[in-house]
Structure formats: structure tokens, C-alpha cells
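The values are calculated or read from the model by the stated rules, or taken from the named source; none is laboratory data. Small disclaimer: the values here were computed from a predicted structure and weren't measured. Ideal geometry is used to build each Cβ from the backbone, glycine not excepted, and the neighbour counts take in all protein chains shown.
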Amino acid sequence: MHSANEKTLDLSLTDSAILQVKKLLARDQRQGQGLRVGVTDGGCSGFSYKLDFDEEQKPDDIILELDGVTIYVDSTSAPYLAGIVIDFVTGLHGGGFKFSNPNATATCGCGTSFSA
């Protein structure tokens, strides 16, 4: 049940990203923790994405449940993450989480930095 003041956010993870998050949670024995998605100052384009695991929500968090994975997003990062799709890709030269951000006005080659 949603409370009247609950905030929502249009953020999604692909099936591949959800599977990878579940694998990492199991590998690191972090069952019950959630994925914290955020934006921080820095990076070659002005902002960079931040992914981490967290045991509990913070007072200003927006909380999403995606296929059994809890996602925490702080209210400061939320405007930069609206509409974003997080994917997990593998490739010849390694893999990682890839962010597709419709709000970014510029990105750089590292794939984790953007400007808005």
C-alpha cells in the first residue's frame, strides 16, 4: 500500500542488471540489502553515477522494488535519475553497469559521467 506522501521515480533496471545485482548480493552475503543508486559531483562531465549496497533506507530516500531487488535513491539524486535505465553488459574488454540517461546533455567515454 502506498502512503499519500510516497514519492515515485521512473528508474528501471534491465533483467540482466537485476540478475547481476542478485548475484553480487549472494556472492557478498548481503541478502536483505538494497541497491543504492545515486549521483555525485565529479567525473569528467560534471556528475558521475554511484552504485552501492545499503542495509537500510535513509529518511529522504525514494524506494523502488524491482523484481525482488530494493532500490534506494536519495531525493537529491532523484531528479538526475528520472527515466534512467541501468543495464549490465558483458563484452570482450570486460563488462559493467551501463546507464542510459535521457536527461544527460553530454556524456563521456567512461560511461559513468554526464552533465545535465
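Provide a single number: the residues in the stretch 65-100 that are aliphatic (A, V, I, L, M) and either in a strand (DSSP E or B) or at positive phi (or both). The number of residues fulfilling the criteria is 7. Given the condition charged (D, E, K, R), farther than 15 Å from PHE97 by Cβ, at pLDDT 90 or above and surrounded by fewer than 18 Cβ atoms within 10 Å (Cβ to Cβ), answer yes or no: does some residue in the stretch 33-54 qualify? Yes, the stretch 33-54 contains at least one residue that is charged (D, E, K, R), farther than 15 Å from PHE97 by Cβ, at pLDDT 90 or above and surrounded by fewer than 18 Cβ atoms within 10 Å (Cβ to Cβ). Return yes or no: is PHE114 surrounded by 14 or more Cβ atoms within 10 Å (Cβ to Cβ), in contact with a helix residue (DSSP H, G or I) (Cβ under 7 Å, 6 or more places away or on another chain) and either part of a strand (DSSP E or B) or modelled with pLDDT of 90 or more (or both)? No.
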